[in-house]
Each structure stands twice: as C-alpha cells, then as structure tokens.
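These notes concern the structure reproduced below.
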Ligand code: GLN
C-alpha cells in the first residue's frame, strides 16, 4: 500500500523529486496540511510558518527546474528542535526567558542542511533548555505522544519525536545530552541517533551541558538517519570540540556485508532491577533476532554504570549553571519590568524567566562548583566519568556493538512523574553512559508494549563507528515492519 506523502521517507521523496513525480511545493503543502490537521492534538510545534515553508519550497522547485538542485535532499522539509538556531526564526528553548527571541544566525547543523537545499520547518517543543524526560517542562505547552495522547512523548526532544511519528515532518533534528534524542524516539516509534561527541557541530545549539550535548537526526528509518548524518558531519571551526573527521559513506554501509561475525555485547547491569517486562520482551526479541543472523552474544559488564546517574546530575547541572549565567535580563532574555538596580534586574529576571526544573539545576550546579564542594562533588564526578568511559573501552575490546534497552518502561502517563524527580531522572538510566563516554548511540523501533506503545532498542557503538552502528540497526529494522506502522490520529 502506498503511503501518503507525509509518511514517506527522505529517501523515497528524494527519489520522487528527482523523477519529477512530486514537487517540493506539493511536499511542503502536505506537511502544512497534516500539521494543521493533527497538531491541535499532538502539540509538537511551538511555532510554524506555512508561508515561509512554501516560499522556500518554491525556490527549491526553481532550482530543480533549472538543473541546479543543491543535493538529492534539495526541497525536503525538516523540523527543528527549538533549541537549535535558524536565522530569522524564534528560538525560545521552551523558556519564558527567550519568549521573544529571534535567532540572528543559523546553527552549524542548520547551515549544513540549508547547503543541501533542505527546508527548516517549524520550531519543535522541548523541555525548557532541554532539561527533562517528558517535554512537560516546556513553559508553553505539553506535547502528547501520537500513539496515545494521554502519554508523554519522552524528552527533551519530545516535539521532534512526536512530529516525526505523527507525519508532521519527514525528519527532525533533536539534541541529546543524557538521552534526549534516543528516549523520545523510543517512546514515539521513530529512529533517533546521537552521534559521537564532536561529530556534529554544536555551534548555534543553545548550550545545556557542553561536554555532553550533541545534535542528531530523528527519522522514520535508519536509511534516512544515514542520509541526514552524512550531511551533518562537518568540521566547524566555531565549535572548539568539532572533530575533523572524513565521514564514510553511511548509506552505502547499510547494505555492506560484514566480514567477521557480529559480536553483540549485553551489559548485565542494564538488565537488572527496574526494567519493565514490556521493554525486556522487546529487547529479548532483538537478542533472538541477532542470534538468528549468526551474531555472537557476549555478556559484558559496565561496572561503574550504577554511578552514571549521580555523575550526570553533578556534571550536567554544573555546566548548565555556567552556560545559563548569560541569561541575566541584560545580555540576553527576559528583563523584569520593575527592577531598579542591576542586582535586582538579575534576581527578578531570572526568577521570572526560568521554570522550576531549570532553577533546580542552576542551584545544584552552583552548589557543586562552589568552593569547598568542588573537590568533593565536581572533581570526583569527573574522575568517575573517566572510569565509566574506561568501562566502555574495555567492553569494546570484546564486542563490536552493545545492545540494551533505551528506557526502563514504555511512555508513561502525562503528570505521572512530574512530582517524582528521582523517577523522572531514572528514565535516562540506560542512555546517560553514552553521553558521559562520548559514544554514538541509536534507538530503533523494536516492538510494542502490551498497551500498544512503541518500544525502542538501543545500540551503542565505538567512537566514530557510526557506519557499523547504522548497519547493525538497519539489519534489524529491515527484518521487521515497524517503520510502516503509524499512530491512528
Ligand atoms: N533527561 C535528561 C535531563 O533532564 C537528559 C536531557 C537531555 O538529553 N537533553 O538532563
């Protein structure tokens, strides 16, 4: 059965554009219509501008008509998380602090997409400044899971995942500091990839925790993730941690045969207490699948993983407290109306502009960096971070990829965990290690819970082994048909 335009993939629509079966204007219109028809329920977008998208599409059609397409992706819209700058568009980070801010420039990643002729489409909801696991920390609206509107879409890139799953965007960009691409991808039944730290420029991504943040693609298929990643990888001198890496042909790698049997590591610490039956079943099925393909399953240990959450909740808030210092009502952001002197401006503007979770992180971060506590908390956390990184390198002596759950449970009900911080933080139990170690990780749709909610599986690779990771994910995806299943909206 042929899919409507809004459920086609980047690969399919790129081919149809090339064959002149469809125009960019028709594609743009399909996404505008679909968004208008469904976003009243899903609430994935904080902002979108149909006029602007149609104008961009028209220019792309003109390029194609004169044989000047910039790349095979020319004319394809892509949704952008509202923490990534697009020139002339709002950048709110879902915060009152930036409610009226318009970005004067493009993020490095967005420049790359525009260079390929892609069309930024809309601003997608998130947890305020990307802090959260459910998109309930947005100052403006709560996004719903398209598969079940009572449930959270995951977070912090919940808008990006929901829009992709709902057919409101072919693909989207998210950002992942502790799981924010992979966790919502898992909950919404799409593919979410967090690349190796430094592979995609962070220039123009509103900084949360700079040593952990990474932009990555959210798509409906692994092939589309490969296509986008190819375009995103780039050495950007404006980001001092940007790698100078010659990307291999990611899409080409998908169909390559391995020369040696795949060795899949199963970290025993990721299968213990707290893992729900629903998720365990999906991961068990994936284990069975890889075995049936001749892969070798190897039990591995990541002995320091139980410390991951504690380390993350020291390092991430520490960096956040420093990064968010710039939002003071003077240099950037909301300014309190009736403050009389500079100190009051700082106090009142930040008190009014930031929501509770952001304040919590800033206070925590300031505390662990303060004199007397720096050594006890921050420095220790950095040491344990090295041990966690070492655990992964030891494991990768024995295996090619690691297979694990993405989240302990399927998407929970909206409101269920908002007052239970520890439970909310535990959502990232299996994703945080990847950020602490700077590794690439991908969440691929793996099946459904007994309540019909999507559940992803996570594959983790060695640094810069994106090609191998995508290939392993593709193998699983192609043997299942989850990417052809869509929520009834
Ligand atoms: N849920 C985690 C947090 O709140 C991760 C967020 C992210 O990856 N941006 O910090």
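Let's see how each residue does on (1) assigned to a helix (DSSP H, G or I); (2) loosely packed, with under 15 Cβ neighbours inside 10 Å:
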position: 252; (1), (2): yes, yes
position: 261; (1), (2): no, yes
position: 264; (1), (2): no, no
position: 269; (1), (2): yes, no
position: 273; (1), (2): no, yes
position: 287; (1), (2): yes, no
position: 299; (1), (2): no, yes
Identify, by number, the condition in (1) under 26 Å from residue 448 (Cβ atoms); (2) touching a strand residue (DSSP E or B) at 6+ places or on another chain (Cβ under 7 Å) that residue 288 doesn't meet.
-> (2)
Filter result for residue 378 (at pLDDT below 95 and either closer than 30 Å to residue 465 by Cβ or surrounded by 15 or more Cβ atoms within 10 Å (Cβ to Cβ) (or both)) = no
Tell me, please, whether a residue that is in a helix (DSSP H, G or I) and surrounded by fewer than 24 Cβ atoms within 10 Å (Cβ to Cβ) can be found in segment 459-470.
-> yes
Is it the case that segment 48-61 has a residue that's touching a residue at least 12 places away in the same chain (Cβ under 8 Å), assigned to a strand (DSSP E or B) and in contact with a helix residue (DSSP H, G or I) (Cβ under 6 Å, 6 or more places away or on another chain)?
-> no
Within segment 365-379, can one find any residue that is within 16 Å of the ligand (Cβ to nearest atom), touching a residue at least 40 places away in the same chain (Cβ under 8 Å), under 21 Å from residue 315 (Cα atoms) and in a helix (DSSP H, G or I)?
-> yes
Residues (in a loop (DSSP other than H, G, I, E, B) and either more than 30 Å from residue 150 (Cβ to Cβ) or touching a strand residue (DSSP E or B) at 6+ places or on another chain (Cβ under 9 Å) (or both)) located in segment 15-47 = 19, 20, 21, 22, 23, 44
Take the residues of segment 418-458 that are assigned to a helix (DSSP H, G or I) and modelled with pLDDT of 95 or more: which is farthest from the ligand (Cβ to nearest atom)?
-> 437
May I ask you to verify whether residue 108 is away from the ligand (no atom under 16 Å from the Cβ) and on the phi > 0 side of the Ramachandran plot?
-> no
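The values are calculated or read from the model by the stated rules, or taken from the named source; none is laboratory data. Everything numeric in this text was worked out from a predicted model, so none of it was measured. Reconstructed Cβ throughout: ideal geometry from the backbone, glycine too, with neighbour counts over all protein chains shown.
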